Structure formats: structure tokens, C-alpha cells
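The values are calculated or read from the model by the stated rules, or taken from the named source; none is laboratory data. Quick caveat, the model's predicted, so the values are computed rather than measured. Counting neighbours? That spans all protein chains shown, and the Cβs are built from the backbone with ideal geometry, glycine included.
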Amino acid sequence: MGDRPFGITVVAVWQIAVGFLFAALILVVRFRSGGLADLGEAFSSVGISGLWVLVSTVLFAALSLVSGVALWQGERVGWWLASFCALYSIAGNLAAIRLLSWLQHDQGVEALTRPRLTSLLFRIGINGAILLYMVRTETMEYLEVSRERRFKYLLGVAGVVLSLYGLSIMLSRGTNLWS
């Protein structure tokens, strides 16, 4: 394995920063008055499982950190995790736009303001750029991922993301998965 490409370094640092940011967010919420209970109630009030939000945020923080470290070290798993995190972030930001739009149109809450929408679209753009960078031939060769199968691999990652999104919808609606 040769010298790490500059783009891999940038994405690795980004993933590590995102992981630490989400970990810090969890800690701030945890140690606030009311903490996680208030967070759970707030999400429940709009039909979202607070437990799902907490678990998915913790997992996303951990996967982002591991992804960044793996990319930094030139490990193949870094490609998989960075691709997953980018697709998961895009799906999450699209879901946030949908939720805020619903709150605004159906509940009369001023939720989807221009700055908030701009921020969500900006995050979608960043993660889209990361995803495009991850499927570049040079990136895949450096991480020793078969570039001939890149779209098949991305389809698999997208399937996992969509499955998790479907699971979150079922949990938000109170579906009992075990009956």
C-alpha cells in the first residue's frame, strides 16, 4: 500500500470529526436536566421512537469513528463504513426534510425554515461528494476494493440503509416486530 491519497485523509478526518461530534451531542443531552428522557418524549410526540434515535445515534457515532480510523490506516473496511455512513446520512437528512415539512404543513409549526433546509441540503451535498469520492477508481484501488463491483457493493450498502430506515418507520409506528 502506497502513500495515503489526500482525499482519503480528508474523508478520514471528516469521519472522525463527525463521530466525535455525535458522541459529544449524546453526552450533552445525557447530562442536561431531563436528559435522555426529555429527548425520548420529544421524539415520541411526533411519532418517532426516542430509543431508536438514541441507539442509531450511538451506532452512527461509533461507525463514523471506526470508519475514519480504518480509512486513515488504509483498511478496506473503511470503504464499506464510509459508504454506509454517507448513504445513511443522506437518508437521514432526507427524512429530516420530510419530517420538518410534515410538521410545518400538517401541524402548523414553523419547522422547515430556509436556514434549516439549507443546512440539510448542504449535508446531503457533502455526503454525496464523499460517496462519489469513495467510488472513484483511485480510491477503490488504494483501499483494495474491487472497482468492477462498486455499484453492486453500493446497492448492497443502500439495501442495508433502506432496511434500517424501514425498521425505524416500523418502530416509530409502534409495530411489534416479535409478534
The number of residues in the range 62-82 that are of a type in the set (S, T, N, Q) and without any contact (Cβ under 8 Å) to a residue 12 or more places away in the chain is 1
Just wondering, is there one or more residues in the range 83-94 that are surrounded by 19 or more Cβ atoms within 10 Å (Cβ to Cβ), touching a Cys at 6+ places or on another chain (Cβ under 8 Å) and in contact (Cβ under 8 Å) with a residue 24 or more places away in the chain? no
Residue selected from the range 125-179 under the condition surrounded by 14 or more Cβ atoms within 10 Å (Cβ to Cβ) and of a type in the set (S, T, N, Q), by the criterion modelled with the lowest pLDDT: 172
Of all residues in the range 55-75, which are of a type in the set (Val, Ile, Thr) and within 23 Å of residue 28 (Cα to Cα)? 55, 57, 58, 66
Selected residue [among the hydrophobic types (A, V, I, L, M, F, W, C) and either more than 20 Å from residue 169 (Cβ to Cβ) or over 19 Å from the mean Cα position of the chain (by Cα) (or both)] from 120, 94, 71: 71
With the condition being touching a Ser or Thr at 6+ places or on another chain (Cβ under 9 Å), I'd like the helices (runs of 4 or more DSSP H) fully within the range 56-159 carrying at least 3 qualifying residues. 76-107, 114-134
Answer with yes or no whether residue 32 is among the basic types (Lys, Arg), at pLDDT below 95, more than 18 Å from residue 157 (Cα to Cα) and surrounded by fewer than 19 Cβ atoms within 10 Å (Cβ to Cβ). yes
So residue 3 passes all but one of these: (1) surrounded by fewer than 13 Cβ atoms within 10 Å (Cβ to Cβ); (2) at pLDDT 75 or above; (3) over 20 Å from residue 82 (Cα atoms). Which condition number does it fail? (3)
Pairs, first under 16 Å from residue 89 (Cα atoms) in the range 146-172, second among the hydrophobic types (A, V, I, L, M, F, W, C) and part of a helix (DSSP H, G or I), C-beta under 6 Å, six or more apart: 157/84; 157/87; 158/87; 161/87; 161/91; 165/91; 168/52
